[in-house]
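Working notes for the structure below.
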Amino acid sequence: MNYLLRGIGVLAAVGTISLLAFSLPSGEAHGDGGGDTLPRLTHKAWQQECASCHIAYAPAFLPKASWRRVMGGLGQHFGEDASLDPATQADILRFLEINAADAGTSRIGRKVMQRMDAQDAPLRITESRWFVRKHDEVPRAAWSRKSVGSAANCAACHRQAEQGVFDDDSVRIPK
Amino acid sequence: MIKRLFCSGLAALGMVAVASAADTPASLMAHYAQAAGVPLASLSAARGAALYRAEHPGRNAQTVSCASCHTADPKQPGRSRVGKRIEPLAPAANPGRFTDAAKVEKWFRRNCGDVLQRECSAREKGDFIAWLSQVQ
């Protein structure tokens, strides 16, 4: 009897603690390497739901207002259906907002914001002034090469994009 | 103590995760046959293959099919529209396929809508899995 009660107590505690652990909103930052290496963020739903069709774009590439627009239109997401159940959608949005370019949590975010007007909320990273400027030396024809396909295909050139690494050593424009 | 509780919490969650991922291609076929109100044996791999290959009008005057992203041979890796690798769809090449009912439903909903401009019926989903699970 005593054991049974204690068992139930332990189970309840375990349940509460694991719930707490899994509802932490912010994800975990493993340091901010500055301009070309992004803070390593982990967030289960974001990694699961936003990395099937392209890399999971770092939240620091866009301001909060942009992420609200992106997450509010997942049913018609750049011509594809990326819709989610409302709870997962809200969970991911919260994570994106907490780590957004204007959240003040990363150096790369501050650089993105330096080139963005306060009321701007682009849907695309690749249309931000910061992105265009960082890529002004990439030949125009390279973007539409078959091996690249789209500017949104960061990993075609940044071979460690999935790990958040965008430095000169790991970049190569494919033929 | 907290750490130990946390670890056993993780272990417990791990068990739950295993339990909820216990679907198999066979159990999903049975589920879709039942939802369609047809006997399991009436699911057709030939119809599934036809669904996979059928071309439909897409964007920019190009046609689109399931094979556009998953490639003509479902044992091969495919490519998303953005260019990201998609692991093979056939369980023979990728045992993780059709083992999570919620994931399977999510992608049928999205991809059937994308390619066919409508949802796939329960029988079409059953046929589709019937075909892929016999690809060797």
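A few notes on this one:
- Gyration tensor verdict on segment A:48-165 (Cα atoms; rounded if a/c is under 1.5, prolate if a/b is larger than b/c, oblate otherwise): oblate
- Listed by chain and number, the aspartates and glutamates placed with their C-alpha closer than 12 angstrom to that of residue B:75 are B:87; residues fewer than eight positions away on the same chain are left out.
- Set of lysines near residue B:103 by C-alpha distance (under 17 Å), chain-local residues within fewer than 8 positions excluded: A:44, B:125
- Here residue A:140 and residue B:23 are evaluated by their C-beta separation; at R0 = 51 Å the FRET efficiency comes out at 0.60.
- Residue-wise HN-Hα coupling along segment A:63-77, computed from phi with Karplus coefficients 6.51, -1.76, 1.60 (Hz; x: Gly, Pro): x, 3, 4, 5, 5, 5, 5, 4, 6, x, x, 5, x, 10, 9
- When the accessible areas of B alone and A alone are added and the area of the pair subtracted, with a 1.4 Å probe, the result is around 1800 Å², both sides summed.
- Under Karplus coefficients 6.51, -1.76 and 1.60, residue-wise ³J(HN,Hα) of segment A:89-100 in Hz, glycine/proline x: 4, 5, 4, 5, 4, 4, 4, 5, 5, 5, 10, 5
- Separation in nanometres of the label points that stand 7 Å from Cα toward Cβ, at residue B:55 and residue A:40: 4.6
The values are calculated or read from the model by the stated rules, or taken from the named source; none is laboratory data. Fair warning: this is a prediction, and the values are worked out from it, not measured in the lab. Positions of Cβ are backbone-derived with ideal geometry, glycine not excepted, and every protein chain shown enters the neighbour counts. These accessible areas exclude ligands, DNA and RNA; they are computed on the full protein's heavy atoms, side chains included. Shrake-Rupley method; radii C 1.70, N 1.55, O 1.52, S 1.80 Å.
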